[in-house]
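**Q** So that we are looking at the same thing, I have put the structure below in structure tokens.
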Amino acid sequence: MRNNFSTRQVLVKSALILSVLGSSILLTVNFARADRFSNEVDTQVAQTDRWTNQVRAQLIQVAVAAGFSGNSLTHQPFIGDLGNGGENDITFNVTAGVSYAIVGVCDNDCRDIDLKIYDDNGNLISSDTQRDSTPIIRVTPRWNARFTIRVIMGNCSNSPCRYGIGFFGK
């Protein structure tokens, strides 16, 4: 019998194994708590289905693989959907001096999702527009404000594609 594992699957499995051994278990627990809370409120979370579940799992996996285990979840994860070429703006409050890592993921029908972050004056602060499905933006605001993340669905083969945004900080 032949195993057909993609590089991504191998990396994700390796990250998950390492997470059991490290402090990232706390990250997973905190993420699950925030996710449970968002399901209770159900204002931003799309209907639970296999694509939403893929995105939730990917947010945890990418956060662990990217080394966010020392960070806390600062906001509820956002899960939505967009068609190919679609855009969505998400606003969130930031605190001066907190180092944020914002990660995006999308379901298996998505090959490219991009993130751009704007300050409260509409200035582009940072972006990740590489052709990939896991953009990461890092930003440390100098003042308390309400920032906006623009999510851009660059390549979705089966619209709409489900995506998720995780907010981590320390």
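**Q** Tally Lys and Arg at +1 and Asp and Glu at -1 over the other residues with C-beta under 11 Å from the C-beta of residue 68: what net charge comes out?
**A** Details: positive: 138, 170; negative: none.
Once positives and negatives cancel, what remains is +2.
**Q** Give me the extension gain from residue 99 to residue 139: residue separation times 0.36 nm, minus the current Cα-Cα distance, reported in nm with one decimal.
**A** Length difference between fully extended and current span is 13.8 nm.
**Q** Here is a further query. Going by a ≥ b ≥ c, the root eigenvalues of the Cα gyration tensor, does region 54-170 fall in the rounded group (a/c under 1.5), the prolate group (a/b larger than b/c) or the oblate group?
**A** Taking the square roots of the gyration eigenvalues as a ≥ b ≥ c, region 54-170 is oblate.
**Q** Charges only on Cβ, +1 for Lys and Arg, -1 for Asp and Glu: so what's the dipole of region 58-170 about the Cα centre, in debye to the nearest 20?
**A** Details: 9 positive and 11 negative charges, 72 e Å.
Value, rounded to 20: 340 debye.
**Q** While we're on this one: Cut-off 15 Å, label point 7 angstrom out along Cα-to-Cβ of residue 84: give me the residues of region 103-126 whose amide nitrogen falls inside.
**A** 109-113
**Q** Further question on the same structure: R0 = 25 Å: FRET efficiency of residue 91 with residue 132, Cβ-based, nearest 0.05?
**A** The value I calculate is 0.55.
Here, each number is a calculation from the coordinates, and none is a lab measurement. Everything numeric here is computed off the predicted structure, so don't read it as measured data. Please note: Cβ atoms are built from the backbone with ideal geometry, for glycine as well, and neighbour counts cover all protein chains shown.
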